[in-house]
Amino acid sequence: MKRARHDIITEVRARVPALNLKMNGENLVYLDNAATTQKPSQVLDFLSDALVTRNANVHRSMYELSDFSTMAYENAREKVRSFINAPSRENVIFTSGTTASINLVATCFCQRFVGRGDVILIEGDSHHSNIVPWQITAERAGAEVKVIPTDVMTGAGRSGRVAVEELEGLLSDNVKILAITQISNITGLHNPVGEIISAAHSKGIPVLVDGAQGIVHSPVDVQAMDCDFYAFSAHKIYGATGVGVLYGKKDLLEALPPYMGGGDMVETVTYQKTTYAPLPLKFEAGTPNFIGASSLLPALEFAEYLRNGEVGEAVKEEEGEIIAYMLDRLSAPGIELYGKPYDVGEKIPIFTFNIESINAGDLAQLLDKMGVAVRSGLMCAEPLLNSFGAVSALRASFAPYNTLEEAKTFIRCLERARMMLS
Ligand code: PLP
């Protein structure tokens, strides 16, 4: 018998202890999931158990405890491999987060393939972590960073959608790499990643995809997507902080020089010369965050539980209603929502907006007093927000464990806060 959606969502929420917290005497309504997600018990239990039963350095020792630790670390790598459908474990490198993954590629790729007069192409809706590493490495190489604009930047619209029609004109012979975003952390809009990648590949240009938000809200198949690099963070998909993933095509990863030098990334070392370990360890110098990384196994299992079967169906229905409700309420006079979709399916439940003549930070503080946790400020996307004419904004971002009821509480509290500040 089909279970009621309410019962299923209640079961989901019971698995995430932080959702029962009280803040300022109110039930916590946590709507800052684009920044980081709350952790399910299966991840919390796994982490505390690992600190006792699998706490030994990985890949180094001959004793059993160390084998347990190495096994947990490599099992998590296999889980990531299957979750993103990478061809092999050699394509999956553990880093400390999306930012670290992009810095790795920017540094190593530019060192090997980018020189004076070359161009690195990025997107107008990028997070700072997909802008600044390229600026740093372009400066070192004497290259230039160019931007695929959004419709706001070309003057064609106000959605923040990437102006894909501009791409053809930007893909000149000296473009060496294209760094794009699967889903913007401001607009919540899906970018046409497949179309962009085929256009770049038709000119022989590799593409890095920032999947920090994309991995959480859509199934990812890196082989079908045909991206050359894909980056994401564990903490945004129910895993530990300080852990990330870099997927790369094998030939490209092999062609790159190492990023950091140290233990575990070497084959043989003499005072004169070092030979490097094969992939993926070539890019994992030093003791990794092996406990955190191993928690990607239960974290991705939780993500699959939220996506599949009756739970997946219930979560999808709830999310559709949340998006429709929020879009309706945030189209009220005096509110500018950044990232209006053509239809509900184009958007994940990220809502970034401003209310006329009210400071977003003041709103966030009042909402906090009502138990509602939302982000305010620039959300690490200053150029995009500035292009909208905004110097800060308020962002409510939902996870699959959030409810329509919480969306209603948010809007009720927002209206109260707006009245208080008007
Ligand atoms: N890219 C996007 C689209 C993001 O939303 C974020 C974080 O908010 C990042 C990159 C950076 O992720 P991290 O801080 O986990 O490295």
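The values are calculated or read from the model by the stated rules, or taken from the named source; none is laboratory data. As the structure is a computational prediction, the values presented were derived from the model and not from experiment. A quick note on method: Cβ atoms are made from the backbone with ideal geometry, for glycine too, and the neighbour counts reach across all protein chains shown. Note: accessible area is taken over every heavy atom of the protein model, side chains too, but ligands, DNA and RNA are not part of it. Shrake-Rupley method; radii C 1.70, N 1.55, O 1.52, S 1.80 Å.
From Leu363, Leu394, Leu367, Leu384, grab the single residue that is in contact (Cβ under 8 Å) with a residue 40 or more places away in the chain, under 26 Å from the mean Cα position of the chain (by Cα), within 16 Å of the ligand (Cβ to nearest atom) and in a helix (DSSP H, G or I).
Details: Leu363 fails: within 16 Å of the ligand (Cβ to nearest atom); Leu394 fails: in a helix (DSSP H, G or I); Leu367 fails: within 16 Å of the ligand (Cβ to nearest atom).
Result: Leu384 is the single residue among Leu363, Leu394, Leu367, Leu384 that is in contact (Cβ under 8 Å) with a residue 40 or more places away in the chain, under 26 Å from the mean Cα position of the chain (by Cα), within 16 Å of the ligand (Cβ to nearest atom) and in a helix (DSSP H, G or I).
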Scan the range 242-266 residue by residue and report those that are buried (at least 18 other Cβ atoms within 10 Å of the Cβ) and under 16 Å from Glu74 (Cα atoms).
-> Val243, Gly244, Val245, Leu246, Tyr247, Met265
Selected residue (criterion: nearest to Lys408 (Cα to Cα)) from residues of the range 289-322 that are surrounded by fewer than 22 Cβ atoms within 10 Å (Cβ to Cβ) and polar (S, T, N, Q) | Asn308
For the range 336-386, what are the residues that are buried (at least 17 other Cβ atoms within 10 Å of the Cβ) and among the β-branched types (Val, Ile, Thr)?
-> Ile348, Ile350, Thr352, Ile355, Ile358, Val372, Val374
Got a number for residues in the range 76-134 being hydroxyl-bearing (Ser, Thr, Tyr), open to solvent by 20 Å² or more (accessible area, probe 1.4 Å) and within 12 Å of the ligand (Cβ to nearest atom)?
-> 3
Considering every residue within the range 267-282, establish whether at least one is in a helix (DSSP H, G or I) and open to solvent by 50 Å² or more (accessible area, probe 1.4 Å).
-> no
If you go through the range 62-90, how many residues are touching a helix residue (DSSP H, G or I) at 6+ places or on another chain (Cβ under 7 Å), more than 12 Å from Leu296 (Cα to Cα) and assigned to a helix (DSSP H, G or I)?
-> 5
Restricting the first residue to the range 53-75 and requiring it to be free of Cβ contacts under 8 Å to residues at least 12 places away in the same chain and farther than 20 Å from Val92 by Cβ, which pairs with a second residue that is of a type in the set (Asp, Glu) and part of a helix (DSSP H, G or I) meet a Cβ separation below 9 Å and a spacing of at least six or different chains?
-> Ser61/Asp67
Boolean, Asp32 is among the acidic types (Asp, Glu) and surrounded by fewer than 13 Cβ atoms within 10 Å (Cβ to Cβ) = no
Does Leu19 satisfy being touching a helix residue (DSSP H, G or I) at 6+ places or on another chain (Cβ under 8 Å) and in contact (Cβ under 8 Å) with a residue 40 or more places away in the chain?
-> yes
State which residue pairs qualify: first residue closer than 21 Å to Arg77 by Cα and inside the range 295-313, second residue open to solvent by 10 Å² or more (accessible area, probe 1.4 Å) and outside any helix (DSSP H, G or I) in any location, beta carbons under 6 Å apart, and separation of 6 or more residues or different chains.
-> Ser295/Ala240; Leu306/Pro400
